[in-house]
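Trainee: Below are the structure tokens for one structure; questions will follow.
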Amino acid sequence: MWFVFALLSAIFAALTSILAKIGIEGVDSNLATAIRTVVVVIMAWLMVFITNSQNGIFSISKKSWVFLILSGLATGASWLCYYKALQMGEASKVVPIDKLSVVITLILAFIFLHEEFSVKSLIGCALIGVGTMVMVL
């Protein structure tokens, strides 16, 4: 099931890029990010209440709070930079560079989470990196 959700994530991310590029025309990128964020917040809390998981907020550890907040700050910074890049550049060039996050994530997962970094992972990272450069140059 994780694969289905990951694939849906990729599809929605692709739609996000196209819809954002169209919607950001004539709008300050920071304002556009703020509007998008409000929509995401409303949608996320709606899902919390639909799934009746709101009571779980009281059992979150301090460590989890810290890392969730840091993750939120990183997401915010990513979105602000992404929207500014989309506003200034072509979606067909911005999006592949943004997806280099896959390579960076694999490297960071290896360093900080001690996840396996196999020959297959190394080849995949190299192909993503080379593919990104071919698409952008």
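Trainee: Looking at (1) loosely packed, with under 10 Cβ neighbours inside 10 Å; (2) touching a Leu at 6+ places or on another chain (Cβ under 7 Å), can you tell me which one residue 94 breaks?
Mentor: (1)
Trainee: Next question, about the same structure. Please verify whether residue 10 is without any contact (Cβ under 8 Å) to a residue 40 or more places away in the chain and surrounded by 14 or more Cβ atoms within 10 Å (Cβ to Cβ), treating the condition exactly as stated.
Mentor: No; evaluated as a whole, the condition is false for this residue.
Trainee: Are there any pairs, at least 6 apart or on different chains, whose C-beta atoms fall under 7 Å, with the first in the stretch 87-116 and in contact (Cβ under 8 Å) with a residue 24 or more places away in the chain and the second among the polar types (S, T, N, Q) and surrounded by fewer than 15 Cβ atoms within 10 Å (Cβ to Cβ), and if so, which?
Mentor: none
Trainee: Among the residues of the stretch 45-86, count how many are exposed (fewer than 10 other Cβ atoms within 10 Å of the Cβ) and touching a residue at least 24 places away in the same chain (Cβ under 8 Å).
Mentor: 0
Trainee: Now for a separate question. For the stretch 117-128, how many residues are surrounded by 13 or more Cβ atoms within 10 Å (Cβ to Cβ) and either under 13 Å from residue 97 (Cβ atoms) or among the basic types (Lys, Arg) (or both)?
Mentor: Residues meeting the conditions: 1.
Trainee: Separate question: Can you tell me which residues in the stretch 57-114 are within 24 Å of residue 135 (Cα to Cα) and among the small types (Gly, Ala, Ser)?
Mentor: 78, 85, 89, 91, 92, 101
Trainee: While we're on this one: Filtering the stretch 15-24 down to residues that are in contact (Cβ under 8 Å) with a residue 40 or more places away in the chain and in a helix (DSSP H, G or I), which residue is nearest to residue 99 (Cα to Cα)?
Mentor: Result: 17.
No lab work stands behind these numbers, since they all come straight from the coordinates. Quick caveat, the model's predicted, so the values are computed rather than measured. Neighbour counts run over all protein chains shown; Cβ positions are idealised from the backbone, glycine included.
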